[in-house]
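The block underneath contains the structure these notes are about, expressed in structure tokens.
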Amino acid sequence: MRARREFRDRRDVEVEVLDALVDRADEGMTVFEVRAAVDTDIDEIEAALASLKQDGLISVRDGEDRVVILADDRVVPDPDADPHEEQGFLDAVRERLGL
């Protein structure tokens, strides 16, 4: 699943982090899981996480045995909505071309 369209106008690495977190919106992800899902170096991931946290798009929850990062509810698309309604023209072209 992808983050809502209105949150996709950010640096590529930030969008990749949001998309990864939206895919695991219920349980969240550790920093290691984010790093495995996003193909970039840890410094860029750290900068992206800091920017997303500062903008209130992610939160950090200290669980019993691990710290997880969660996407804010407003970033997660409605699962009952038609995915093509949420998708912009460029997103539809990218999906069609497999990008």
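Read-outs throughout are calculated quantities, based only on the coordinates presented, and are distinct from any laboratory measurement. Owing to the predicted nature of the structure, the values given are computational and were not obtained by experimental measurement. Positions of Cβ are backbone-derived with ideal geometry, glycine not excepted, and every protein chain shown enters the neighbour counts.
If you go through segment 1-29 and keep only what is within 15 Å of ASP72 (Cα to Cα) and either aromatic (Phe, Trp, Tyr) or not in a helix (DSSP H, G or I) (or both), you end up with MET1, ARG2, ALA3, ARG4, PHE7, ARG8, ARG24, ALA25, ASP26, GLU27, GLY28, MET29.
Restricting attention to segment 61-82, which residues are outside any loop (DSSP other than H, G, I, E, B) and surrounded by 10 or more Cβ atoms within 10 Å (Cβ to Cβ)? Scanning segment 61-82 gives ARG61, VAL67, VAL68, ILE69, LEU70, ALA71.
A residue that is surrounded by fewer than 17 Cβ atoms within 10 Å (Cβ to Cβ) and part of a strand (DSSP E or B) can be found somewhere in segment 44-60.
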